[in-house]
Amino acid sequence: MSPWAWVLAAYGCAALLVGGYVWRLWCRYRHVSRVRLGEADG
Amino acid sequence: MKRVRLAAAVLVVVGSLGYVVAGGLREAVVYYVTPTELQSRPLDPRRPVRVGGQVVPGSLRREGGVLRFVLSDGQAQVAVRFAGSVEGLLVEGQGAVVEGRLGPDGALDARSVVVKHSEEYTPPRSPLPPAERSAP
Amino acid sequence: MRPFAVGATAALLSVGLFLALWVSPPDSYQGEYVRILYVHVPAALAAYGAAAVACGASALYLWRRDLRWDFVGRAGAELAALFSGLTLLTGMLWGKPVWGVWWAWDARLVTTAVLFLLYVGCLLVRDLADDPERGRRLSAAVAVLAFLDVPVVHYSVVWFRTLHQGPSISLQGVKLAPEFLLPLAVNTLAYLALLGVLLAERARLASLEVER
Amino acid sequence: MRAWRRVVAVARKDLLLEWRGRDALIPAGSFGLAVLLVLGLVSGGGWEAAPPALWVSLLLAAVVAAGRGADREGEEGTLEALLLYPGSREDLFWGRWLAVCVLLLLLGAGLWGVQVLLFNAPTRGVGVLVLAGLLSAFGLAAVGTLLAALLTHVRAGPLLMPLLFLPATVPVLLAGVRLSEAAASGAPAGPWWGVLAVFDLLFLLVGPALFEVVVEA
């Protein structure tokens, strides 16, 4: 494998892990704010 | 009372870390032995050893599928034979950690060769870095 | 404040990526592989930082019993697990081409793996406890305990004879050419900023979830 | 009541319960035995495989023994009852610690005997081994007591036990193996006594301090 493949694999790993964490945070944010809106409506 | 105990615990934690820093455990966790240690300590020939050192410049060559080089720690040297291909960036002047058994002639029959590089990073002066030249 | 912090972090991260992949020269020995340095080392430093935050906030929570400290402590523990996991992964992707092995049983690698496992345990204890209050208390205790491993991880390469090389930057001097130092500094800064933003957002999310 | 009498009373209670039911010693001992057998089988059973096999089986048996203590607390709530009595909680920690120490020493002695038989291991350096066993039992018991209390009210606590116990006690395992090897070959033990002592000290100080945080209702 070319050196660049290893380098990009490492950066891809970082993007995947951090991106996944941010995505999970985002989903939970949306969930929480939806529930709060729902409470306000009800 | 609880606070005092916690403070004492923190103190001992710091103290024991200090002991480790001062070198109390330095010899305890050793990934490899140096060639000097290899020659000075009585060795159990039934056990494999892991020896680390610098690959002596000019010693690295391949003869009929067998890779030969000499490891040095600046004082003692040990010759290494390895029948196989090295996957890391093995070059002369950098480090290597070799696992294997000592042969009757005093050379190490390696089972695995792992590259150990230094903590120095410098931009290339030659057009091709060793990564592209790689091991012979 | 929040959009500014997020924007600044994103900008820092993109500048860091640009410096790491385009500006930085290849190393005279490792060639292009040196670029993994700019994600591996900042990730490790971010893991130390997250562990320190988790330890401090957990200790304060145990002392003051203020829920806000628990939110920060939980965020720190999660991010310590995330970044130590990232350190392990990028280290393996670096070790295979350069050392020739994915893994070696040396002190630096093993203590880092222990760090990761301890924070995973810390998070599991919180989630699996019978009642939330107990979970907060127990995971805070584990977070304090786990931080003991951080200095051991960092100094393992100095104290012990390891396959992993020693620190390139220490009080004894900098063994890194300036061409590599700048991208490393920018990337480290970017990862620490990212850590800060993620800590704040995670703690805020936790407080929102409790309010609900 | 003076502190040490409370400690002894708690230890006596734990050991009495154990003696009546033997529900930690027998499962932990047979588990250790199974680990020893499996390790012997896969390693080929040479004498040089004996020290690691002995210590790994002891460590895993300690996980089971300490986890069983946590189960007992969960089922019978003995810890909650004890917490109602006056006096320092630290005495509780030391009492349970003492009981776990005794269990671990029994387990260690048993596993050592089996190991000598199964691995054809040399019995040289028993004095070194006894001292190493004692020191490591102190540290392992401190971690085990703390984690057992910590995981009492945690679902899947016995499953989390190894996840926290094994990483924390790696230094003790390593020191034990190296000391055993040194004892068997008659070589100097180097700095491993120091490792064992430092981590014992750490565990024995951090253990009771965190125990008080962990058990408070």
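Here are a few things to note about the model shown:
- Counting all C-alpha pairs of segment C:2-211, share separated by more than 24 Å (%): 46
- Look at the dipole of segment D:72-217 built from charges on Cβ: of D:Leu98, D:Leu204, D:Gly110, the Cα furthest out on the positive end belongs to D:Gly110.
- Farthest positive-ward along the protein assembly as shown dipole, Cα basis, beta-carbon charges - from C:Trp22, B:Gly52, D:Ala121: D:Ala121
- Span-like helix criteria (full DSSP H runs; alpha carbon extent of at least 15 Å along the helix axis; mean Kyte-Doolittle hydropathy of at least 1.0) are satisfied in chain C by C:2-18, C:37-64, C:107-128, C:178-211.
- Shape class of segment D:155-217 from the Cα gyration tensor (axes a ≥ b ≥ c, square roots of the eigenvalues): oblate, since a/c reaches 1.5 or more and a/b does not exceed b/c.
- Taking segment C:2-211 and dividing mean pair separation by its residue count, relative contact order in percent (alpha carbons under 8 Å, at least six apart): 32
- Size of charge dipole - the protein assembly as shown - debye, nearest 20, with Cβ of Lys, Arg +1 and Asp, Glu -1, no other charges: 460
- Value of D in µm² per second that Stokes-Einstein yields for the protein assembly as shown, Kirkwood Rh from Cα pairs, at 25 °C (0.890 mPa s): 93
- Taking the protein assembly as shown as the region of interest, the number of lysine pairs whose Cα atoms are within less than 28 Å, with members eight or more places apart or on different chains, is 4.
- The fraction of all Cα pairs in chain D landing in successive 10 Å bins from 0 to the largest distance is 9, 35, 35, 17, 5, 0, given as whole percents.
- Relative contact order of chain D: 26 percent, from C-alpha pairs under 8 Å at least 6 residues apart in sequence.
- Rg/Rg_globular for segment B:35-133, with Rg_globular taken as 2.2 N^0.38 Å and Rg from C-alpha atoms: 1.11
- Segment C:121-212: Rg to Rh, with Rh as the Kirkwood radius over Cα pairs: 1.12
- Net charge contributed by nearby residues that have their C-beta within less than 11 Å of C:Pro97 (K/R +1, D/E -1): -1
- Against chain D, whose longest principal axis comes from its Cα atoms, helix D:126-150 is set at around 40 degrees.
- When C:Ile36, C:Ile169, D:Ile26 are arranged by Cβ crowding within 10 Å, least crowded first, meaning fewest neighbours, the order is D:Ile26, C:Ile169, C:Ile36.
- Cα gyration tensor category, rounded, prolate or oblate, for segment C:12-78 with a/c compared to 1.5: prolate
- Among C:Asp131, C:Asp27, C:Asp66, D:Asp200, sorting on how many other beta-carbon atoms sit within 10 Å of each Cβ, with the fewest leading, yields C:Asp131, C:Asp66, D:Asp200, C:Asp27.
- Computed on the Cα atoms alone, the convex hull of chain A gives a volume of 39 cubic angstrom per residue.
Rule-based calculations on the coordinates, nothing more; no lab input. All values derive from a computational prediction rather than experimental measurement. All Cβ positions, even for glycine, are placed from backbone atoms using ideal geometry, and neighbour counts span all protein chains on display.
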